[in-house]
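Below: the structure, in C-alpha cells.
The values are calculated or read from the model by the stated rules, or taken from the named source; none is laboratory data. Note that the structure is predicted; figures quoted are calculated from it, not measured. We place every Cβ from the backbone using ideal geometry, glycine too, and count neighbours over all the protein chains shown.
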Amino acid sequence: MIVILKAHAEQNKIEALTEQIRQQGVSIHYSQGQTETIIGLVGDTTHVDEDWLRANEIVADVRRVSEPYKLVNRRFHPEDTHITVAGRTIGEGSFSVIAGPCSVETEEQIISVARSVKASGAAFLRGGAFKPRTSPYSFQGLEGEGLRLLKIARKVTGLPIVTEIMSENQLDDFADVDVIQVGARNMQNFRLLKELGHSRKPILLKRGLSSTMEELFMSAEYIMAGGNDNVILCERGIRTFEKMIRNNLDISAVPIIKAKSHLPVIIDPSHAAGIAWMVEPLARTAVAAGADGLMIEVHNDPSKALCDGAQSLNPQQFDHLMGDIRRRVAFEEKTLEGQ
Ligand code: PEP
Ligand code: MN
C-alpha cells in the first residue's frame, strides 16, 4: 500500500502518522521526492484501513498495490483447493453438476426430480427450502418441511444435498445438509458469513447481483477468516443494462477466479438465463472456460413450478444437456463427478 502525502506536510505530523502505521504491524518505506513524499507500507496490509489513512489531514491519496483478501488469494496458496463432500470432489480435475428444482414442493416432486437428475449424471441434488423471493406474496418455500423432504430424497437416491440458508439462526437446522448455499442476495450478509466461518460445512457462495469480483472474494474471505476453508464460488449472472436476459452470465468470472484465487468455481446458467432454452448454450461455456461444475434448475413439470419455472429444464432437456456436457468434459480430460 502506498500513501502519498500532501505537499508541505509538517514533519511532526508525518512522524505521528508513520508511528501509527507501524503500530499496525507493518513497516515503512519512506521516500522523499522533489515534489511528493510517499510512504510505502511493507508487510501484511490487509488490516490497514484505507479510509482511516485518507481521513488524515496530511494524506493526499492512498493506493493499494496488493489485494485486500489473503486467505482466498492464490498468491498465498498457489495450489488449487478441492472440496470433498460425501465422497465426491469439487475441483481437482473433476466436473460436478448440481441439479434439482428451484424449490422443494412435495415429496413426490423432489424424489422424482432427484431420481431423474441422478440417472442423467448429476452428482448433487439442489432444492430450496427457504426461498429469498422479491415479493413477500410469492411462495416462500416449505422451510423446515422442505429440508425434511430433501433428506428423504437424499436417502432414496444417495445424492448429497445443496440448499440455501437465509440466516445464521438456521445453522442448527442445516447441520445435516451436505453443502450450504449462500444466495446472491445474502452474499454480503456479513453476520451470516461470519457464523458460517465457524462451521466446517462446505459453503457454496453465490455472487451478488451487482457485486464486483473483489466483493465476492472479500465475502469468501469472511468465511475463511473464521477457519472454514471449504468455500466454492458460484457465478450466477449479474445485472447489466441488457433486458433480453434475466442476468448477464459473466463468464469472465471463471478465468478471473482461477487467476486470483485457489477456490473452485461453478456456473449457474439457470439464474443467468431466466429462460430454459438459453441454459444449455450457457452451460457449455462453463466447461470451455475451465469451471469446476454447474448448478442447473430442473423441474419434473416446469409449467407448474412454484418458483423459477421459466428457467427450469424438464428431465429430458437436462438429460440432453448432460450428454453434451459429458462429451465436452471428456474432451477436456476431466472426470464427470458422480459417474
Ligand atoms: C437459487 O439458487 O434458487 C437462488 C435463489 O439463486 P440466487 O441466489 O443466485 O438468485
Ligand atoms: Mn431459483
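If a residue has to be more than 17 Å from LEU71 (Cα to Cα) and surrounded by fewer than 20 Cβ atoms within 10 Å (Cβ to Cβ) to count, how many in the range 209-234 make the cut? Steps first, please.
So in the range 209-234, the residues more than 17 Å from LEU71 (Cα to Cα) come out as 209-212, 234.
So of that shortlist, the ones also surrounded by fewer than 20 Cβ atoms within 10 Å (Cβ to Cβ) come out as 209-212.
So the answer is 4.
Can you find a residue in the range 284-307 that is within 26 Å of the chain's Cα centre (by Cα), under 15 Å from GLY121 (Cα atoms), within 15 Å of ligand 1 (Cβ to nearest atom) and of a type in the set (D, E, K, R)?
Yes, that holds for at least one residue.
Specify which of the listed residues (ILE275, ILE257, ILE266) is within 16 Å of ligand 2 (Cβ to nearest atom) and either in contact with a strand residue (DSSP E or B) (Cβ under 7 Å, 6 or more places away or on another chain) or at pLDDT below 95 (or both).
Numbers: ILE275 fails: either in contact with a strand residue (DSSP E or B) (Cβ under 7 Å, 6 or more places away or on another chain) or at pLDDT below 95 (or both); ILE257 fails: within 16 Å of ligand 2 (Cβ to nearest atom).
Of ILE275, ILE257, ILE266, the one residue that is within 16 Å of ligand 2 (Cβ to nearest atom) and either in contact with a strand residue (DSSP E or B) (Cβ under 7 Å, 6 or more places away or on another chain) or at pLDDT below 95 (or both) is ILE266.
List every residue pair whose Cβ atoms sit under 8 Å apart, with the two residues 6 or more apart in sequence or on different chains, where the first one lies in the range 50-75 and is over 30 Å from HIS262 (Cβ atoms) and the second, anywhere, is among the β-branched types (Val, Ile, Thr) and outside any strand (DSSP E or B).
Going by the 8 Å Cβ cut-off, the qualifying pairs are ILE58/ILE14.
Residue by residue through the range 240-252, note down the ones that are away from ligand 2 (no atom under 16 Å from the Cβ) and either aromatic (Phe, Trp, Tyr) or more than 13 Å from LYS206 (Cα to Cα) (or both).
Residues of the range 240-252 that are away from ligand 2 (no atom under 16 Å from the Cβ), as a first pass: 240-244, 248, 250-252.
Listed by number, the residues that qualify are THR240, PHE241, GLU242, LYS243, MET244, ASN248, ILE251, SER252.
Which residue pairs have Cβ atoms closer than 8 Å, lie 6 or more positions apart in sequence or on different chains, and pair a first residue in the range 173-200 that is in contact (Cβ under 8 Å) with a residue 60 or more places away in the chain with a second residue that is surrounded by 15 or more Cβ atoms within 10 Å (Cβ to Cβ) and assigned to a helix (DSSP H, G or I)?
The qualifying pairs are ASP178/ARG154; ALA184/HIS271.
A quick yes/no check of all residues on (1) β-branched (Val, Ile, Thr); (2) part of a loop (DSSP other than H, G, I, E, B); (3) touching an Asp or Glu at 6+ places or on another chain (Cβ under 7 Å):
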residue	(1), (2), (3)
VAL97	yes, no, no
LEU125	no, no, no
LYS155	no, no, no
ARG185	no, no, no
ARG191	no, no, yes
SER210	no, yes, no
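Does the range 127-153 hold any residues that are in a loop (DSSP other than H, G, I, E, B) and among the small types (Gly, Ala, Ser), and which are they?
We begin by selecting, within the range 127-153, every residue in a loop (DSSP other than H, G, I, E, B); these are 127, 129-143.
Residues satisfying the conditions are GLY127, ALA129, SER135, SER138, GLY141.
Restricting the search to the range 193-207, which residues are in contact with a strand residue (DSSP E or B) (Cβ under 8 Å, 6 or more places away or on another chain) and in a loop (DSSP other than H, G, I, E, B)?
Keep residues of the range 193-207 that are in contact with a strand residue (DSSP E or B) (Cβ under 8 Å, 6 or more places away or on another chain), which gives 193, 196, 199, 201-207.
Those that are in contact with a strand residue (DSSP E or B) (Cβ under 8 Å, 6 or more places away or on another chain) and in a loop (DSSP other than H, G, I, E, B): SER199, LYS201, PRO202, ARG207.
I'd like to verify a number: residues in the range 49-71 that are farther than 15 Å from ILE4 by Cβ and surrounded by 13 or more Cβ atoms within 10 Å (Cβ to Cβ), how many?
7
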